[in-house]
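Peer 1: Before I ask anything, here is the structure I am working with.
The values are calculated or read from the model by the stated rules, or taken from the named source; none is laboratory data. These figures come from a predicted structure and were not determined experimentally. Quick reminder, even Gly has a Cβ in these numbers, built from the backbone with ideal geometry, and neighbours come from all protein chains shown. Keep in mind that these areas ignore ligands, DNA and RNA; they rest on the heavy atoms of the full protein, side chains included. Shrake-Rupley method; radii C 1.70, N 1.55, O 1.52, S 1.80 Å.
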Amino acid sequence: QVQVVESGGGLVQTGGSLRLACAASGFTFSINPMSWYRQAPGKERELVARITGTGEITNVADSVKGRFTISRDHAKKTVYLQMNNLTPADPAVYYCYVPRRDSWGQGTQVTVSS
């Protein structure tokens with residue numbers, strides 16, 4: 001059974017940092033691309049970043065380039081999203097997604113205070 005569980009969300013001040021983690025199980029993590037998406041209230045879910053099984057970063061949203069970094073640890077079966085210099089445009093529920101399995105996590109809330 002495919003399962004991805006996000007953690008690491010919370011409240012941070014503008015300019016602060018958070019690191020999100022997505023723990024995966026139930027599939028061969030090392031060969032699967034992984035993605036982070038986010039959805040703000042009243043907006044469509046959008047792709048934040050995507051990483052291949054070999055660690056190549058293939059997609060990064062223009063709005064987060066230079067601030068967010070996706071990475072993965074095969075030993076821990078975990079994908080990360082390091083978010084730096086957070087702004088009032090970044091608050092959303094952040095989701096982990098396994099494209100080849102069409103599986104979503106439950107999401108983790110990120111809130112940025114000004």
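Peer 1: How far apart, in nm, are the 7 Å Cα→Cβ label points at residue 52 and residue 28?
Peer 2: 1.6
Peer 1: Averaging sequence separations of C-alpha pairs under 8 Å and six or more residues apart, then dividing by the length of region 57-114, give the relative contact order as a whole percent.
Peer 2: Relative contact order comes out at 24 percent.
Peer 1: Heavy atoms only, 1.4 Å probe, whole protein assembly: order 45, 67, 50 by accessible area, highest first.
Peer 2: Reading off the accessible areas and sorting them downward yields 45, 50, 67.
Peer 1: Next question, about the same structure. Going by accessible area, probe 1.4 Å, with all protein chains left in place, what is the ranking of 44, 6, 56, largest first?
Peer 2: 44, 56, 6
Peer 1: Using a Förster distance of 41 angstrom, determine the FRET efficiency expected from the C-beta separation of residue 13 and residue 100, and round it to 0.05.
Peer 2: 0.65
Peer 1: Over the chain, what per residue volume does the convex hull of the Cα atoms give, in whole Å³?
Peer 2: With only Cα atoms used, the chain gives 90 Å³ per residue.
Peer 1: Would you kindly state how much longer the chain becomes between residue 2 and residue 63 on full extension, computed as 0.36 nm times their sequence separation minus their alpha carbon distance, in nm to one decimal?
Peer 2: 19.0 nm
Peer 1: Over region 2-111, what is the relative contact order in percent, taking alpha-carbon pairs closer than 8 angstrom and at least six residues apart?
Peer 2: Computed value for region 2-111: 36 percent relative contact order.
Peer 1: Hey, any idea what % of the chain's accessible area is carbon plus sulfur with a 1.4 Å probe?
Peer 2: Heavy-atom surface of the chain belonging to carbon and sulfur, 1.4 Å probe: 46 percent.
Peer 1: Solvent-accessible area per residue for region 1-81 at a 1.4 Å probe radius, Å²?
Peer 2: Per-residue accessible area for region 1-81 comes out at 53 Å².
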